[in-house]
Amino acid sequence: MSLTIDVDASQPPFQRLSLGGRLDTTTAPALEKKVDEVLAAKPLAVVFDLAALEYISSAGLRAIFRTQKAMHTANGEVLMVNMQPAVQKVFDIVKALPLKSVFRSIEELDDYLDAMQRKAREENR
Amino acid sequence: MRLNLRGKILAYVALPVVLILGGAELYRVLQLYDGLKQARIRDETERATREASELDARLREVARIAKDTAMFLELNPGIERARLFDLVRNNVRADPLVYGAAIAFSPSATPDGRRFAPYASRTADGGLRTMDIGSQGYDYTAPQWQWWHRPLERRGGAWTDAYLDEGAGNIMMATFSAPFPQQGVPLGVVTVDVALPNLRKQVFDVEAEQHKMFVIGADERMVFAHDSADIGTPLEAIAQKLGRPDILELGRRMLRMAPRGAGHTAARGWDSPQQEEQLMFYAQVESPKWVLGLRVDESAVFGAAHAQLRRAAFAISAALFVIIVGLVSVTRRVTEPIARLDAAARRVAAGDMAVALPAEGDDEIARLSRTFTDMARALVEREQALVAETAAREKIETELALAKELQRSMLPPSEAHDAAFGRYDVAAALEPARAVGGDFFDYVVTADGRLIFVVADVSDKGVPAALFMVRAHTLMRSLAPRLASPSELLAAMNDALCADNERCMFVTLVCGALELASGRLALASAGHEPCLRVRRDGALVWLDVDNGPALGLIEATPYPLAEHRLEPGDALILYTDGITEAFDAQKRAFGRERLEAAARDQAQAAALELCAGVFASVRSFVAGAEQSDDITLLVVRWHGARA
């Protein structure tokens, strides 16, 4: 089974990537390529919606961390939502994910993003 | 029968055409030949008919002389005897065909009651002599003399059969005699003789060498024959003389058939040494009821037809030969390129790619030839590309094999034990998913009596993982002896690995330090799988470690230290997720439960057996499914301070 990636750029400062299937050695390069395209838009945050992601390997983790690192450098954030238990476990083992970047539901995530936008507007004022 | 393409064209197209054409032509010629033969037979039959009617006409002329005289005598009964001699002389002179003439009286009709028959005949010197044959003892009323009896019996003129005239001239002759009556009573007969040998010059002026003429009388005697000696001879005698009974049969058949019309029959000839087959054309000579025959060699009759047949046969053969030669050469022209293609295809199949087929024109075969040549060329190119590709791949594989060997040589032996005191033994197994991998293990005994051991798993697999593994392993080797605890080692490694790590490669790693004298164990983990403690009695304990993040991701992170105390005989199993996430063909993972079961089975075994047992369990679970990740297993067993 392969990886599916759906990019949603309807809310400009944010880029949502919905992942499905398996993110492993063979599919990770495709995600990295897609992420590079997304980063070119200089978003405030990149959101990974992992609702349909069934499996993630260390190669997949690396692709996520790489995105995170790039966003940190640009003062942005990588946020994750709808993480399935099997995937959650892998992230837990590696323990390299800041707790505040993982959301249990879309509502929580949207609240956070609203707050983030307000904050950005205030800074720009 | 197996035919090649050309053979098939010839057999299924050319042969039927030749046969039909040849057959039709042959039929036409045979029809023509048959027509010619029929025409020739008609010609010859007509000739025989003509000859027969000419002979008949002459004989009628001769007979007319006798009939006229008989009429005269009937009208002039009292004629003087001397006048009668004049009459017979005149009768001989009347026609060159007449040899002799007579007026024979019945003895009962003469005044003296004696035979009286004035007779005139030709002499050898061309003159005439006259006599009374009745007075010379010639009893013409004797039964053998047909010329006397036949007209009287028939009450009209009649021809005799051929007979030998012994009285006058000793010559074979036939006589016509006409009766002359007086008041209904026949007084005598008037005769005219025809010397049969004279017929040749008198009638048959046309007789040619090829047309042997003969005439058969009703008494089956030869009235006329090509050979004068045979004239008057019975057919039976001739047949006997020649030893050919069929000649008699032949004559009889002609006598039987002729009254119904002219015709022909066939027989083997008898007067030439070859005895060639002859055709006999016959026709009735009406007045004397003779049969006239013409014997002609078959070759003479049909010679022209035969010649024409031969010419036609030659023409047909020549035409067919030309057609066949044409077809053969045309089929060769058509099939030769196919044969060349066939040969070329065989050569290509045998591995000889250097084929170039001549292809003139733009028909299907020429296009096929060009395509084939192009195909062979493409095949050569493809093969060369394949060879080059294979060479390149072999080079990479060789390099990978060398790299694998090198990587393996960086790791300590897969089995070790405490030779001096027997306090521990160690066993390890490592199986990369690809030629090289990112897993590694290590162990070392420090100067202060600690066994430090490590199992690590670099993110991803293959060459990138291997390169990062070398970096991490080298780092660990250089740092481990100098640092007091696993926490410090992990923190130091993490800081070093975070630097210059754009691709976010990371390592999960678990490190233990076992005081060999006391069994005190210090553990630290960077995002790695937990360790399993296997007690001698088979009890299993997952050792709690407060995990830090994987190495290489987050700088300046502390790694908590967990402390445990081992009982003598306890074993520790450290592994990478290649073990728990080994998938079988149904994509089921090996999991911790199966690991526990495998460990329990070998709870009391030496480190080597325990390691091998777990590894074999994983192997049999996977059972040939593709290995998805590097697999590493390290087993440490502590036997106590002193074994």
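A few points about this structure:
- Only one entry of B:Arg408, B:Arg423, B:Arg482, B:Arg477 meets the criterion of being among the charged types (D, E, K, R) and surrounded by 18 or more Cβ atoms within 10 Å (Cβ to Cβ), and that entry is B:Arg423.
- Some residue of the stretch A:56-78 being under 30 Å from B:Gly591 (Cα atoms), within 12 Å of chain B (Cβ to nearest Cβ) and not in a helix (DSSP H, G or I): yes
- Restricting the stretch B:444-467 to residues that are within 14 Å of another protein chain (Cβ to nearest Cβ) and closer than 19 Å to B:Tyr559 by Cβ, the residue that is modelled with the lowest pLDDT: B:Ser459
- Considering the stretch B:550-586, and only residues there that are assigned to a strand (DSSP E or B) and more than 19 Å from B:Ala597 (Cβ to Cβ), the residue that is farthest from the other protein chains (Cβ to nearest Cβ) turns out to be B:Arg565.
- The lone exception for B:Leu475 - which of (1) without any contact (Cβ under 8 Å) to a residue 60 or more places away in the chain; (2) within 14 Å of another protein chain (Cβ to nearest Cβ) it fails: (2)
- The residue list B:Phe453, B:Phe372, B:Phe421, B:Phe441 contains one member that is over 30 Å from B:Thr508 (Cα atoms) and in the same structural domain as B:His473 (by TED's automatic domain parsing), which is B:Phe421.
- Cross-chain or 6+ apart pairs with Cβ under 8 Å, the stretch A:89-115 first and within 14 Å of chain B (Cβ to nearest Cβ), then loosely packed, with under 12 Cβ neighbours inside 10 Å: none
- Restricting attention to the stretch B:186-208, the residues that are modelled with pLDDT under 75 and either assigned to a helix (DSSP H, G or I) or in contact with a helix residue (DSSP H, G or I) (Cβ under 6 Å, 6 or more places away or on another chain) (or both) add up to 2.
- Top-ranked residue in the stretch B:587-600 [being assigned to a helix (DSSP H, G or I) and in contact with a helix residue (DSSP H, G or I) (Cβ under 7 Å, 6 or more places away or on another chain); ranked as farthest from B:Asp418 (Cα to Cα)]: B:Gly591
- The criterion of at least 2 residues that are buried (at least 24 other Cβ atoms within 10 Å of the Cβ) is met, among strands (runs of 3 or more DSSP E) falling completely within the stretch B:490-549, by B:507-515, B:520-526, B:531-534.
- Unique match (being within 27 Å of B:Asp418 (Cβ to Cβ) and charged (D, E, K, R)) among B:Arg503, B:Arg471, B:Arg520: B:Arg520
- Condition check for B:Ala416: at pLDDT 90 or above, small (Gly, Ala, Ser), touching a Lys or Arg at 6+ places or on another chain (Cβ under 9 Å) and in a strand (DSSP E or B): no
Per-residue answers, yes or no, for (1) in contact (Cβ under 8 Å) with a residue 60 or more places away in the chain; (2) surrounded by 15 or more Cβ atoms within 10 Å (Cβ to Cβ):
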| site | (1), (2) |
| --- | --- |
| B:Pro96 | yes, no |
| B:Ser106 | yes, yes |
| B:Pro118 | no, yes |
| B:Thr123 | no, no |
| B:Gly126 | no, no |
| B:Asp132 | no, yes |
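- Residue within the stretch B:228-235 that is aliphatic (A, V, I, L, M), closer than 25 Å to B:Ser121 by Cα and in a loop (DSSP other than H, G, I, E, B) present: yes
- Hits in the stretch B:275-300 (condition: touching a residue at least 24 places away in the same chain (Cβ under 8 Å) and among the polar types (S, T, N, Q)): B:Gln284, B:Ser287
- Looking only at the stretch A:26-45, residues that are within 14 Å of chain B (Cβ to nearest Cβ) and closer than 19 Å to A:Leu109 by Cβ come to 1 in all.
- Of the listed requirements (1) out of contact with any Leu (no Cβ under 8 Å at 6 or more places or on another chain); (2) among the basic types (Lys, Arg); (3) farther than 20 Å from B:Pro464 by Cα, A:Arg22 misses just one: (1).
- Being among the aliphatic types (A, V, I, L, M) and under 23 Å from B:Phe506 (Cα atoms) holds for only one residue in A:Val87, A:Val38, and it is A:Val87.
- Among all residues of the stretch B:269-277, there is none that is at pLDDT 90 or above, closer than 30 Å to B:Asn170 by Cβ, outside any strand (DSSP E or B) and not charged (D, E, K, R).
- For the stretch A:10-63, a residue qualifies if it is touching a Pro at 6+ places or on another chain (Cβ under 9 Å) and of a type in the set (S, T, N, Q), and exactly one does: A:Gln15.
- Residue-level analysis places B:Gly552 outside the set of residues that are surrounded by fewer than 16 Cβ atoms within 10 Å (Cβ to Cβ) and at pLDDT below 95.
- Residues of the stretch B:618-628 that turn out to be in contact (Cβ under 8 Å) with a residue 24 or more places away in the chain and either in a loop (DSSP other than H, G, I, E, B) or touching a helix residue (DSSP H, G or I) at 6+ places or on another chain (Cβ under 7 Å) (or both), as a count: 7
- Extreme residue, farthest from B:Glu567 (Cα to Cα), among residues of the stretch B:419-468 that are of a type in the set (Asp, Glu) and part of a loop (DSSP other than H, G, I, E, B): B:Asp460
- Of the criteria (1) at pLDDT 90 or above; (2) closer than 13 Å to B:Asp630 by Cα; (3) within 14 Å of another protein chain (Cβ to nearest Cβ), which one B:Phe441 fails: (3)
The values are calculated or read from the model by the stated rules, or taken from the named source; none is laboratory data. For clarity, every value in this text was computed on a predicted model and none was experimentally measured. Because the Cβ atoms are built from the backbone with ideal geometry, glycine has one as well, and the counts that use them run over all protein chains shown.
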